[in-house]
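**Student:** Provided herewith is a single structure, encoded as structure tokens, for subsequent inquiry.
Values quoted throughout were computed directly from the atomic coordinates according to the rules given, and no laboratory measurement underlies them. Just so it is clear, the structure is predicted and the values come from calculations on it, not from any experiment. Neighbour counts run over all protein chains shown; Cβ positions are idealised from the backbone, glycine included.
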Amino acid sequence: MSADKERLDRAIIAIRVAKELPAGSCVNLGIGIPTLVSMFVDDESVVFYHSESGVLNCGPLAEEGSEDIDLINAGGQFLQPVPGMAYFSSVDAFAMIRGGHVDVTVLGAHQVSATGDLANWMLPERGVGNIGGAMDLAAGADKVIVAMEHNDRNGNPKVVQECDFPLTGRGCVSLIVTDVAVMEPTPDGMVLREAAPGWTPEEVQGVTGARLIIPDSVAEYEV
Amino acid sequence: MTLARLDAQSVARRASAEVAPGSVVAVSGDWSTAVADLVPAEKGVWFLRAGGTLSDLPISAADAGAVLRGGNVDLSILQAAQVDSNGSFAGYHAADYPGPQGHAGLIDLAGARRVVTVLPHTDADGSPNIVNSLTLPPDGVRCVDTIITDVAVFRVADTGLILTELAPGWSAEDVRTITGAAVTSAPTLREMDFALPPGNPTSKIYADGPSAIADLPDGATVFIDGFGGPGGMAHYLLISLRDRGSRNLTIVSNTAGIARVVSFGTPPGHTAIDHSVLVENGQVAKAIASFPVSPSVSRPSEFELAYRRGEVDLELVPQGTLAERLRAGGAGIEAFYTPTGAGTLIAEGKESRVIDGREYILEHGLRADFALIRAHRADTRGNLVYRGTSRNFNAVMAPGARVTVVEVDEIVQPGELDPEAVVTPGIFVQRIVRRPDGFTGYE
């Protein structure tokens, strides 16, 4: 049964996402798996990291004992000072996002629909949630990549035909990278691009809520 | 006999008598910019000049416009080519540049709380520049309060022009004969007074937090900065507000207090100071926030608990929309269209509009009674510099509050901050408090 098949780990998801970041691009990484992506971007591609906390060209996390409360990322983690950083206010941080200056954002999600609707800010059972920068990133970044586990803790599919959780943005997701597959939402529906090693397209469909459009050739997940 | 008229320098001297200590004054045109040189530094006046300076601070055109529209300019002194009896005026460029290029800046300047025009009483061929109705295209309509010429001073009243002062040697009749509009003499008509208003501005430095917020009333809307953790949060002012006990507050902030539950930057055994100190003290009625609750369901914040008990309201706002609403409020922009949140719960009940095939929603600017912000250093005029990512919402909140109180690590003398590095010009800061030595972001 496909639900029990071996899945890729979070680091592999991050490695796969890192391949999607063009050299010289401006990238905003969300909390969770997206944060891991920066570990797998090679230095030569000179990616510029943007954080809603008000810093551009930010670098690795601070080492323990050298944390500075005035240097954090959007997830509240302490950053190391690195050459070439630029600070700015929240209004400028979001002008960069809405103004189309952020090329790629990598976000987590609760649900993504077949046509790229994103739901990632509220679990309905909680009744209250945090939007933070997610709606602005969904609306403003040139490319929205979702990096997440394919199914939630209870095994429910997170790639669905229609979202039933509150939306973050409509039709905004360009690519989904999970521990099982790489998929591309399109106006016609969800296209399966790559499957994890050992997974057949039919097995991926078995753990997916959205009806997958399966092309003649589905590549093996490229890491 | 020809009566002597005042020279441009004397007209500027008379205009300088309109300038209150500590006020913000926009100047435009040679006769007007001369005023800035006549007011000594100890008067603490801010001069906004076309071309991008606010006293000694460089300022972008966008920020200059925001300063003007945001209601921060007490007085505009504008050189005019023509003024009419309704208080409409044509700027000094109007005759030379009949197109829009001669008008752009002056139209914003006309939005100041008070508008004074300076101009020659007649033009080169002797025809009056003060008229019943403008013959030149207007830069401002019904906005002029006071007219100062090289022969007289007028107040613009609903009933028309009131002659209040005369240049030395001139009579009311002399002035009337060269004025193209009906003029009534004020009962207090007198010779021109060139004296600067007395006194110096009151200090912005407060001895401590409680005295800086002693008049923060119940029911106030309060901007409170803090991205999430300890950086950029005015912890000392938050504790001062808790101790003051103002109730029924609407707080506008990125979070509604998550530092305590996230507790990064807080040593073990301590509790982070955040909005929770107000919430648990029953002072908060409503939060307008983007990240109001704990990232972890299992560790609810004080705000989330109060929300579940139905004790507080929440208006959830995307973070970039919150930032832009704050900016707009401080910059005199009532509302704006943003794509953020279109097609989501956030759009419900809001006006939406499709522009070039994309859907946008209408969001409104935010203003507050008080802003409690945090900066690294201030000079005594209120100019601020921040540290690192702790600038975040602080710099955005400062312009939009009636009273902005800043908590800083250090207060220095004017000149000790590099004007190129000042992020928040002092016109946006009303009160300055130094954070006590050893005060931390936790209890």
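**Student:** Going through region A:156-223, which trypsin sites (Lys or Arg not before Pro) have at most 13 other Cβ atoms within 10 Å and a DSSP loop state?
**Tutor:** A:Arg211
**Student:** Okay, next question. Return B:Ile213, B:Ile411 ranked ascending by Cβ neighbour count within 10 Å, so the fewest neighbours appear first.
**Tutor:** Neighbour counts put them in this order, fewest first: B:Ile411, B:Ile213.
**Student:** Can you give the average number of partner chain beta-carbon atoms within 10 Å of each beta-carbon in peptide B:327-338, as a whole number?
**Tutor:** Partner-chain Cβ atoms within 10 Å, mean over residues of B:327-338: 1.
**Student:** Take the Cα radius of gyration of chain A and divide it by 2.2 N^0.38 Å, with N its residue count; two decimals is plenty.
**Tutor:** 1.01
**Student:** For B:Lys286 and B:Ala124, FRET efficiency with R0 = 45 Å and r from the beta-carbon atoms, rounded to 0.05?
**Tutor:** Efficiency, from the Cβ-Cβ distance: 0.15.
**Student:** Kindly put B:Ser76, B:Ser253, B:Ser185, A:Ser174 in sequence by how many other C-beta atoms sit within 10 Å of each C-beta, fewest to most.
**Tutor:** B:Ser185, A:Ser174, B:Ser253, B:Ser76
**Student:** Work out how much length B:Ala182 to B:Arg308 would gain on full extension: take 0.36 nm times their residue separation and subtract the Cα-Cα distance, in nm to one decimal.
**Tutor:** My answer for the length gained is 38.6 nm.
**Student:** Is chain B rounded, prolate or oblate when judged by the Cα gyration tensor, a ≥ b ≥ c being the square roots of its eigenvalues, rounded requiring a/c under 1.5 and prolate requiring a/b larger than b/c?
**Tutor:** prolate
**Student:** Sequence gap of 8 or more, or different chains, plus Cα separation below 20 Å: how many lysine pairs satisfy both in the protein assembly as shown?
**Tutor:** For the protein assembly as shown, qualifying lysine pairs total 5.
**Student:** So what is the relative contact order of region B:8-191, in percent, for Cα pairs below 8 Å that sit 6 or more residues apart?
**Tutor:** It comes to 19 percent, rounded to a whole number.
**Student:** Next question. Go from 0 up to the bin containing the longest alpha carbon distance in region B:286-424, width 10 Å each, and give me the % of pairs per bin.
**Tutor:** Pair shares across the bins are 11, 30, 32, 20, 7, 0.
**Student:** What net charge do the residues around B:Gln413 carry, taking every other residue with its C-beta under 15 Å from that of B:Gln413, with Lys and Arg at +1 and Asp and Glu at -1?
**Tutor:** Local charge sum for B:Gln413: -2.
**Student:** If you take every residue apart from B:Leu216 with its C-beta less than 13 Å away from the C-beta of B:Leu216, what net charge results, scoring Lys and Arg +1 and Asp and Glu -1?
**Tutor:** Result for the local shell: +1.
**Student:** Moving to a separate point now. With a Förster radius of 60 Å, plug the Cβ-Cβ distance of B:Glu410 and B:Asp158 into 1/(1 + (r/R0)^6) and report the FRET value to the nearest 0.05.
**Tutor:** With a Förster radius of 60 Å, E is 0.75.
**Student:** Treating each Cα of the protein assembly as shown as an identical point scatterer and ignoring solvent, apply the Debye formula and state log10 I(q)/I(0) at q = 0.10 Å⁻¹.
**Tutor:** -0.95
**Student:** What FRET efficiency, computed as 1/(1 + (r/R0)^6) with R0 = 30 Å and r the Cβ-Cβ distance, is obtained for A:Glu6 and A:Glu125, rounded to the nearest 0.05?
**Tutor:** 0.50
**Student:** Could you give the longest part of chain A that holds none of the GluC sites (Glu not before Pro) found in DSSP loops with at most 14 neighbouring Cβ atoms within 10 Å?
**Tutor:** Answer from the scan: A:65-124.
**Student:** Within region B:203-254, report the trypsin sites (Lys or Arg not before Pro) that DSSP leaves as loop and that have at most 15 other Cβ atoms within 10 Å.
**Tutor:** Sparse-neighbourhood loop trypsin sites (Lys or Arg not before Pro): B:Arg247.
**Student:** Sticking with this structure for a sec: Could you please report the charge total around A:Ala18, scoring K, R as +1 and D, E as -1 over all other residues with beta-carbon less than 15 angstrom from its beta-carbon?
**Tutor:** Cβ neighbours under 15 Å give a net charge of -4.
**Student:** Treating region B:8-191 as a set of equal point scatterers at the Cα positions, no solvent, please give the Debye-formula log₁₀ I(q)/I(0) at q = 0.09, 0.18 Å⁻¹.
**Tutor:** -0.29, -1.17
**Student:** Take A:Thr186, B:Thr344, A:Thr105 and order them by how many other Cβ atoms sit within 10 Å, fewest up front.
**Tutor:** A:Thr186, B:Thr344, A:Thr105
**Student:** Relative to the present Cα-Cα distance, how much length would full extension add between A:Ile213 and A:Asp188 at 0.36 nm per residue of separation?
**Tutor:** Difference between extended and current length: 8.1 nm.
**Student:** How much of the DSSP bridge set in the protein assembly as shown is antiparallel, in percent, rounded to the nearest 5?
**Tutor:** So the antiparallel bridges in the protein assembly as shown amount to around 40 percent.
**Student:** Sticking with this one: When the label point is put 7 Å from the Cα of B:Asp418 along its Cα-to-beta-carbon vector, which residues of region B:233-251 have a backbone N closer than 11 Å?
**Tutor:** Residues passing the 11 Å test: none.
**Student:** At a threshold of 8 angstrom on Cα-Cα distance, excluding pairs fewer than six apart, so keeping six or more, what relative contact order does chain B reach in percent?
**Tutor:** Normalised by residue count, the contact order of chain B is 13 percent.
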